[in-house]
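Q: The structure under discussion is supplied below as structure tokens; questions concerning it will follow.
The values are calculated or read from the model by the stated rules, or taken from the named source; none is laboratory data. Note that this is a predicted model, so its numbers are computed, not measured. Heads up, the Cβs are rebuilt from the backbone with ideal geometry, glycines too, and the neighbour counts pull from every protein chain shown.
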Amino acid sequence: MGEKALDGSEIILVTPKLAKEWMSRCKAQDVQPEKVARFVADIKGGNWRTGEEDKFIAVRKEGVKNGYHRLTAIVQANKAVEMKVKLYG
């Protein structure tokens, strides 16, 4: 997939389609609209920073463990961004 990091994560280009797929694996979560809006602005403005420690997505077979706000922002911005992703069986 993407470039492997020492912590087992990968840098992956997360498209809106992929974000929707991952989000569909779990029930809808409550999101903070202000937080999503901030992420959307960063994505659209080209200010998204790939690989920051606090910006990663954890995806398990049964759903998203971490990163639901980020995935929501990718869908709302309708723009693919590189994200640090940890995939679990």
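Q: Would you be able to say whether some residue in region 48-56 is at pLDDT 85 or above and either outside any helix (DSSP H, G or I) or hydrophobic (A, V, I, L, M, F, W, C) (or both)? Write out each step before concluding.
A: We begin by selecting, within region 48-56, every residue at pLDDT 85 or above; these are 48.
Those left that are additionally either outside any helix (DSSP H, G or I) or hydrophobic (A, V, I, L, M, F, W, C) (or both): 48.
Yes, the conditions are met somewhere in region 48-56.
Q: While we're looking at this one, here's another question. Taking region 20-44 as the region of interest, how many residues are among the small types (Gly, Ala, Ser) and either at pLDDT 95 or above or within 11 Å of Val85 (Cα to Cα) (or both)? Break it down stepwise before answering.
A: Here is the first cut: in region 20-44, the residues among the small types (Gly, Ala, Ser) are 24, 28, 37, 41.
If we keep only those that are either at pLDDT 95 or above or within 11 Å of Val85 (Cα to Cα) (or both) too, we end up with 37, 41.
Residues meeting the conditions: 2.
Q: Which numbered condition in (1) under 18 Å from Gly8 (Cα atoms); (2) surrounded by fewer than 19 Cβ atoms within 10 Å (Cβ to Cβ); (3) not hydrophobic (A, V, I, L, M, F, W, C) is the only one that Lys84 fails?
A: Condition (2) is where Lys84 drops out.
Q: Being of a type outside the set (Lys, Arg) and in contact with a Lys or Arg (Cβ under 7 Å, 6 or more places away or on another chain) is the filter here, so list the residues in region 17-49 that pass it.
A: Quick first cut of region 17-49, residues of a type outside the set (Lys, Arg) only: 18-19, 21-24, 26, 28-34, 36-37, 39-43, 45-48.
If the condition is that a residue be of a type outside the set (Lys, Arg) and in contact with a Lys or Arg (Cβ under 7 Å, 6 or more places away or on another chain), then Phe39, Ile43 are the ones that fit.
Q: Return a yes/no flag: does region 7-16 have any residue that is at positive phi, modelled with pLDDT under 95 and not acidic (Asp, Glu).
A: Step one: filter region 7-16 for residues at positive phi, giving 8.
If we keep only those that are modelled with pLDDT under 95 too, we end up with 8.
Then drop every residue that is not not acidic (Asp, Glu), which leaves 8.
Within region 7-16 (the criterion being at positive phi, modelled with pLDDT under 95 and not acidic (Asp, Glu)), the answer is yes, since at least one residue qualifies.
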